[in-house]
Each structure stands twice: as structure tokens, then as C-alpha cells.
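What follows is a short report on a single structure.
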Amino acid sequence: LPGDTDPSSSGGLVDLNTATLAELETLPGIGPVLAQRILDFRESNGGFTAVEQLREVSGIGPTVYEDIVDLVTV
């Protein structure tokens, strides 16, 4: 249905390099604390070059990573 998709995301995927805190929080298992850690990691490292770098973010374990890996892009 129209209006069901987020117009700011491309193809329904959340871009780790452009996503806002609110957009990151829409991902399963990602609350405000983890969303902020993702933003901090992005800022500290000059952005994400690979989705796999999410594994380096404190608090994102194997389960959360597997839940969101197909929902994000760089």
C-alpha cells in the first residue's frame, strides 16, 4: 500500500552511511543505545565500507547481526 515504505531509504534498505538515529532504530534489535553506537562508529571511522563492520560495533552480537544484515547496505 502507498505510504507503507520509508521514502528516504533506497530499495527498502537502511544505508549505514546516511541513516539517522531514528532510521537505525527501525531495525530489529536496534534501540537508541545501539543506534547511537552505530552513528559513533560511523563518525570515528569515516563511514562504513562494508556491512560486516557492524560486527565491530559494541553490543551487536551474532544474533542481532544476522537479524539486520539483509536489511542494511553501504
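Stokes-Einstein diffusion for the chain, with the hydrodynamic radius set to the Kirkwood value over Cα pairs and evaluated at 20 °C in a medium of 1.002 mPa s, equals 173 µm²/s.
If you fit an axis through the alpha-carbon atoms of helix 32-44 and take the longest principal axis of the Cα set of the chain, what angle between them do you get, 0 to 90°, nearest 10? Around 70 degrees separate the two axes.
Take every Cα pair under 8 Å whose residues are at least 6 apart in sequence, average their separation, divide by the length of the chain, and the relative contact order is 38 percent.
Rounding to the nearest 20 debye, state how big the charge dipole of segment 14-66 is about its Cα centre with +1 on each Lys and Arg Cβ and -1 on each Asp and Glu Cβ. Can you show the working numbers first?
Numbers: 3 positive and 8 negative charges, 18 e Å.
Dipole of segment 14-66, to the nearest 20 debye: 80 debye.
Label-to-label distance for A50 and D70 is 2.1 nm, based on points extended 7 Å past Cα in the beta-carbon direction.
No value in this document is a laboratory result; all are computed from the given coordinates. It should be emphasised that the depicted structure is a prediction, and the values quoted were computed from it without experimental measurement. Here the Cβ is made from the backbone with ideal geometry for all residues, glycine too, and neighbour counts use every protein chain on show.
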